[in-house]
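Reading through the structure tokens given below for one structure.
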Amino acid sequence: MCGIVGYIGHRESSPFLLEGLRRLEYRGYDSAGIAVLGQNGLKICKTAGRIQGLVDKLIDTPLAGTVGIGHTRWATHGQATEVNAHPHHDGGSRIAVVHNGVIENYQSIKTTLEGKGRRFYSATDSEVLAQLIGYELESVEPSADDPYRHLVTAVKAALDQVRGTYGLAVVFRDYPDVLIAARLGSPLVVGIGTGENFLASDASPLVGHTDRIVYLADHQIAVVTADRLDVSHREAGQVHWNAEAMPINAADSGLSGFDHYMLQEIYEQPTSLENAMRGRLSEEHATAVFGGLNLTPRQMRGVNRLVLTACGTSWHAALVGEYLIEELAGIPVEVEYASELRYRNPPLDPETLLFAITQSGETADTLAALREMKRKGHHTLAICNVVGSSIAQEADGGIYLHAGPEVGVASTKAYTSQCVVLAMLALYFGRLRHMSFDAGLRIIESLQALPAQLEKTLEVNDRVKKVAERYAHCNNFLYMGRQFNFPTALEGALKLKEISYIHAEGYPAAEMKHGPIALVDEHTPSVFIMPHGKVYDKVMANLEEVKARGGPVIVVACEGDTDAARLADEVIYTPHVEEFLQPIISVAPLQLLAYHIAVLRGCDVDKPRNLAKSVTVE
Ligand code: M6R
């Protein structure tokens, strides 16, 4: 979603701002802009659409100056137009503001300010911040002993009036040697340089510029000059800050021979699985080992219920986790959409442990659900990919995926890494309870074999591409699986929807008879995920029902399954693995299917329309 960059120092700011915005592109956006302070005052350049459009504009009219802020906007209030793009100004171009988050009471503030004669030019909620700070600035006197105190006073006075979330950066035409930033609910980091300092909504734009970063916390305001950083809490005053090392893997290392990040990330999965398991499987104790849960084995043994909360693909991983943990550890698990959990009031006893599952660690609903469960006194843990993200910082403990940056908006490697972490958790909880040493060792062996099996699975790419060519014109797909592969059906359907804009529904296969079967016709392919296992025959019966009604059938089945090959129009084989680990394997052909169909339909695979990589608004 929206991204922020800022620079103050001795160099021209535009190159850093533009490069930084490019590094934030993966978050998803629909317009972009920068504001630069130089000899000609405060100048703003914006565009609807891609950053390249901004770059092209700046070739004709470059903005010179050593202080600047930039933004990529993902529209919430007001269309994705140039006028609604950030930075916004206060009406008199004395200040410029970039803002991530949502100002919920913007309408009433706008009405009040309009009543006082201020004229608004955009349809955004963010403009009220610029106008309000500008308005407040008019009534504060500069202080003799601190050149920036009145600026902070004005920003604080404005923030006291808004309700909502923000990560924001402000530059002032008449104070060209300072940049002010503030955070509540939307992340901001300051990069500490030498004679220059940087600002960004995540660490990625700062890679290569500094390896010292300061994570701002909620309610903090930062005054950033070229050689100084002062942080204060809105109520508590001065804050002593500590710089942390740049997280390893904060940088996107680019495309290495693949046409799209999504395809690259699909192929990275054998490695990302290895990374997720590295150092976490103990053959000596036949269990999994996690360093950061911050609970003793005795406390873990006392846990009598797990709540797994997440959104989107991470929610599908949570469903896989539910099957795994209940099967292997016998602990009741509830999977909750984070957006629902935050407003529900489920009766949970104190021994309930919460896991928030998230790739980005910034998903607003997941963060809010985690906070709500924390407030109720539950121990909260995160299963997260992005080191230092808000959820990673706010959880009481957690497990990092170590999948490396995931740039494609469609989550692939993070999903399989989440599943493998949940499988290790199931092993861990199982071994704390009834699971024997030998059973634990067998699971470890199966887990260790997964990367090679996934590597082998990816050899189906050419076959999947052919299937894609045959069905890319269809406008509806059904995905069906049961038990461990019910979530795989949901995930396959979501992948297709989000990157190819084809309507697709995932269902537990037996549910088909209760409604979706009405959709079956010769133009609606049904994708059955049916590896060998307890429910194979049942799913086969559902497949026959679709065939009997003339629907095309694509099957993901285990190698050598001649029955599936005989009945299906297309069969895609995967290696045999333990039934409970099958979701980690059988999702790969579905990721490839969605990818190839999207490419064939000419879709922007890595930046699908309307979607953002991290969804930082409610
Ligand atoms: O970063 P998170 O895992 O918290 O993100 C949750 C969803 O927004 C995300 O999984 C989304 O559904 C993906 N685009 C799916 O590919």
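The values are calculated or read from the model by the stated rules, or taken from the named source; none is laboratory data. Predicted model, so just to flag it, every value in this text is computed and none were measured. As a convention, Cβ positions derive from the backbone with ideal geometry for all residues, glycine included, and neighbour counts pool all protein chains shown. The accessibility values were calculated without ligands, DNA or RNA, using every heavy atom of the protein model including side chains. Shrake-Rupley method; radii C 1.70, N 1.55, O 1.52, S 1.80 Å.
Within the accessible area of region 357-480, what % is carbon and sulfur when the probe is 1.4 Å and the other protein chains stay in place? Ligands and nucleic acids excluded, carbon and sulfur give 48 percent. When a/c reaches 1.5 or more, the comparison of a/b and b/c decides; with that in mind, is region 325-479 rounded, prolate or oblate per its Cα gyration tensor? Oblate shape, in that a/c is at least 1.5 and b/c is the bigger or equal ratio. For region 3-245, the solvent-accessible area works out to 38 Å² per residue, with a probe of 1.4 Å and every protein chain left in place.
Computed from the C-beta positions of His240 and Lys466 and an R0 of 51 Å, the FRET efficiency is 0.25 to the nearest 0.05. Using the empirical formula 2.2 N^0.38 Å as the baseline, the Cα radius of gyration of region 1-52 reaches a ratio of 1.15. By how many degrees, 0 to 90 and rounded to 10, does the Cα axis of helix 127-137 deviate from the longest principal axis of the chain? For helix 127-137, the angle is close to 30 degrees.
Among the chymotrypsin sites (Phe, Trp or Tyr not before Pro) found in region 289-350, those both in a DSSP coil and sparsely packed, with 11 or fewer other Cβ atoms within 10 Å of their Cβ, are Tyr343. With +1 on each Lys and Arg Cβ and -1 on each Asp and Glu Cβ, and nothing else charged, work out how big the dipole of region 3-245 is about its Cα centre, in Debye to the nearest 20. With only Lys, Arg, Asp and Glu charged at Cβ, the dipole is about 440 debye. Cross-link partners of Lys374 among aspartates and glutamates, defined as those whose alpha carbon lies under 19 angstrom from its own and excluding same-chain residues fewer than eight positions apart: Asp218, Glu334, Glu336, Glu340, Asp349, Glu351, Glu362, Asp365, Glu394, Asp396, Glu618.
For region 54-191, the Kirkwood hydrodynamic radius comes to 15.5 Å, computed from all pairs of different C-alpha atoms.
Look at where the Cα atoms of region 528-551 and of region 473-515 average out, and the two centres are 14 Å apart. Legend: residue pairs Lys116/Lys156; Lys46/Lys607; Lys465/Lys607; Lys465/Lys495, Cα-Cα distance threshold 26 Å; every pair lies within threshold. Taking label points 7 Å from Cα along the Cα-to-Cβ direction, His514 and Arg344 give a separation of 1.7 nm. Computed extension gain for Arg228 through Arg278, at 0.36 nm per residue and net of the alpha carbon distance, reaches 14.0 nm.
One quarter of the surface of the convex hull around the alpha-carbon atoms of the chain equals 28.7 nm², the direction-averaged projected area.
Take the Cα of Asn40, step 7 Å toward its Cβ, do the same at Arg212, and the gap between the two points is 3.5 nm. Straight-line cross-link reach from Lys534 at under 21 Å between alpha-carbon atoms covers these lysines, not counting any fewer than eight positions away in the same chain: Lys513. When the solvent-accessible area of region 3-245 is split by element, carbon and sulfur atoms take up 50 percent of it, the probe being 1.4 Å.
Projected over all directions and averaged, the alpha-carbon convex hull of region 436-483 occupies 5.3 nm². Summing charges over all other residues whose Cβ lies under 12 Å from the Cβ of Gln483, with Lys and Arg as +1 and Asp and Glu as -1, gives -1. Assuming charge only on the beta carbon of Lys and Arg (+1) and of Asp and Glu (-1), the dipole of the chain about its Cα centre is about 620 debye to the nearest 20.
For region 273-345, the carbon plus sulfur part of the accessible surface works out to 44%, probe radius 1.4 Å.
For region 223-300, taking Cα atoms only, Rg and Dmax work out to 21.0, 54 Å respectively.
Summed over the residues of region 268-378 and divided among them, the accessible surface reaches 41 Å² per residue at a probe radius of 1.4 Å. Put +1 on the Cβ of each Lys and Arg and -1 on the Cβ of each Asp and Glu in the chain; which of Ile502, Ala35, Pro247 then has its Cα farthest toward the positive end of the dipole? After comparing all options, I get Ala35.
Considering all C-alpha pairs of region 3-245, those separated by over 32 Å amount to 11%. A full extension of the chain between Leu611 and Leu567 corresponds to an added length of 12.1 nm, given 0.36 nm per residue minus the alpha carbon distance. The alpha carbon radius of gyration of region 496-594, expressed as a multiple of 2.2 N^0.38 Å, is 1.03. Normalised by 2.2 N^0.38 Å, where N is the number of residues, the alpha-carbon radius of gyration of region 261-600 equals 0.96.
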